[in-house]
1. Using 0.36 nm per residue of separation minus the Cα-Cα distance, give me the extension gain between D48 and E323 in nm, one decimal.
2. Roughly speaking, what is the stretch gain from V425 to E367, that is 0.36 nm per residue apart minus the C-alpha to C-alpha distance, in nm to one decimal?
3. Report the accessible area of L228, computed with a 1.4 Å probe over the heavy atoms of all protein chains in place, in Å² rounded to the nearest 10.
4. Rounded to the nearest 5, what % of the DSSP beta bridges within region 21-98 are antiparallel ones?
5. What net charge do the residues around L294 carry, taking every other residue with its C-beta under 12 Å from that of L294, with Lys and Arg at +1 and Asp and Glu at -1?
6. Determine the dipole magnitude for region 226-346: charges of +1 sit on the beta-carbon of Lys and Arg, -1 on that of Asp and Glu, nothing else is charged, the reference point is the Cα centre, and the result goes in debye to the nearest 20.
7. By how many nm would the segment from S558 to A308 lengthen if fully extended, with 0.36 nm per residue of separation less the alpha-carbon distance?
8. Give me the distance in nm between label points sitting 7 Å out from Cα along the Cα-to-Cβ direction at R220 and L271, one decimal.
Amino acid sequence: MAGAIASRMSFSSLKRKQPKTFTVRIVTMDAEMEFNCEMKWKGKDLFDLVCRTLGLRETWFFGLQYTIKDTVAWLKMDKKVLDHDVSKEEPVTFHFLAKFYPENAEEELVQEITQHLFFLQVPLSMLPPDPKKSQSLVHLLFFQYGDYDPSVHKRGFLAQEELLPKRVINLYQMTPEMWEERITAWYAEHRGRARDEAEMEYLKIAQDLEMYGVNYFTIRNKKGTELLLGVDALGLHIYDPENRLTPKISFPWNEIRNISYSDKEFTIKPLDKKIDVFKFNSSKLRVNKLILQLCIGNHDLFMRRRKADSLEVQQMKAQAREEKARKQMERQRLAREKQMREEAERTRDELERRLLQMKEEATMANEALMRSEETADLLAEKAQITEEEAKLLAQKAAEAEQEMQRIKATAIRTEEEKRLMEQKVLEAEVLALKMAEESERRAKEADQLKQDLQEAREAERRAKQKLLEITTKPTYPPMNPLPAPLPPDMASFNLVGDSLSFDFKDTDMKRLSMEIEKEKVEYMEKSKHLQEQLNELKTEIEALRLKERETALDMLHSESSDRGGGGSKHSTIKKGTAPSRKSRVRNADRELTKEFPLSWSSSLILVQTSLH
């Protein structure tokens, strides 16, 4: 029982002793942190916790900032956290920022974390329109990506970044892509630089800018003119609202005797009593309190810089130098290792390249060897084919030679045959001319025969007339004179009644018929033989005819020959005007046969013969 009571008392006492806490969120430029703070903690307790967490020893440059009704305020070190005008909703948010800026960042900033925090806090909006300074700041700004690596930092890796303030970009006829290309080129030029060195170079350039480390406040002078008050590490400056770069009036810290404010009126008393006191009014009392805090802090740091460093600062600088030397040695060692590694990689790449090249050369040599073997086989086949072609060509050449000899012989024979043909043509033309003359002669003979026939008919008519006359006279007793004896080869004639009859001997008739038939057969044989010779000659000439050398007259002659109009010139002319001898002889014989019986025709022939 007693033990149970004692345990309950100890538990209740522990519960009462457990302090009450609240949550605080600390926002830095690159991180956020949350802490559980006791209700009784003052601002210094929270600030020290944050600095220990960050490993920051140069605490006098920084503070915890919060906002009250659009007005910036800083956490006071000797006042409880919850006693400030902050939101009581958890987590309570504060921003860990640089409250005061150094005059010379390289000499005053000892720790690397301090440099990094200042580096992150210098805004891009401070960059001037001077392209040289802007370019230097920007290319140093992007060393937060580490050392330049072509395989990582490729084209477009800065596409989503705000490379420069718009007011700077608008001053030049350059696109964001052109700026990115230029900045990447500067980034590559500074390859191998450590991040802390790059950040320090950035701060060294930034501290020379007119707006570096200046806190601006809107004020009014006694006349009510609106002005800007700038507070920085060097003093107080009065600016025109339209020009934040060049102050109208400056009060360095070493020339200010006293700074005070009463309600909203602020008074600056210069050390030189001859200079008038400068008074101005701010819009809010809170602003006056903030201005006074910044003035006191900057003035203290201004005076502290002009004194010997404290033991703590000396220790930090010594440690920083040692750390810097160690890092320098480490960087050198890393640089050597990196160089050796790069050389080894280059050597490896070179060996791999050479190995690959040798493999390619071996492959190419193997392929070349295979191609050579294939080429050799092809050449052998080609040589064999060429040899066979040479044999064929030799054979063809021999055949061509034989053909040439044959053509020459043929040409000679052709010339002889042509000459013979021409001779035959001439002979045929002479023969045709003779035949034409013979035909004309026979035609003339037929005409003569026709004429003789007409004369015989006329003589017969006269004889009939004479006989009629004789028969119509009175009849006298006949006197019987003795007729004169006739030649043995002549025919006799008697007058019997009213008719006159002729008596021919059979030998005469047969002889005459045989002669006529003989001449007719000879004529037909000669004509047939001549026609065969002409046809044979025409066939031989047509075989030697060259179609490509024909003229228009030759083609007309060929067409005329095809229509049946061929022959000699004389026969062509005579064809349309006179019938052939055969037809004329046939016509004469037909007419003789029609008009006279055989006795009369025979008597007429005998008469004609006797007349001749």
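1. Going from the current span to full extension adds 96.6 nm.
2. Result for the pair: 13.1 nm of gain on full extension.
3. 10
4. 80
5. Counting the neighbours of L294, the net charge comes to 0.
6. Dipole about the Cα centre, nearest 20: 340 debye.
7. Gain on stretching S558 to A308: 76.0 nm.
8. Simple spin-label model gives 3.4 nm for this pair.
The values are calculated or read from the model by the stated rules, or taken from the named source; none is laboratory data. Remember, it's a predicted structure, so these values are computed and weren't measured experimentally. Because the Cβ atoms are built from the backbone with ideal geometry, glycine has one as well, and the counts that use them run over all protein chains shown. When the accessible area is computed, the model is the full protein with side chains, heavy atoms only, and any ligands, DNA or RNA have been set aside. Shrake-Rupley method; radii C 1.70, N 1.55, O 1.52, S 1.80 Å.
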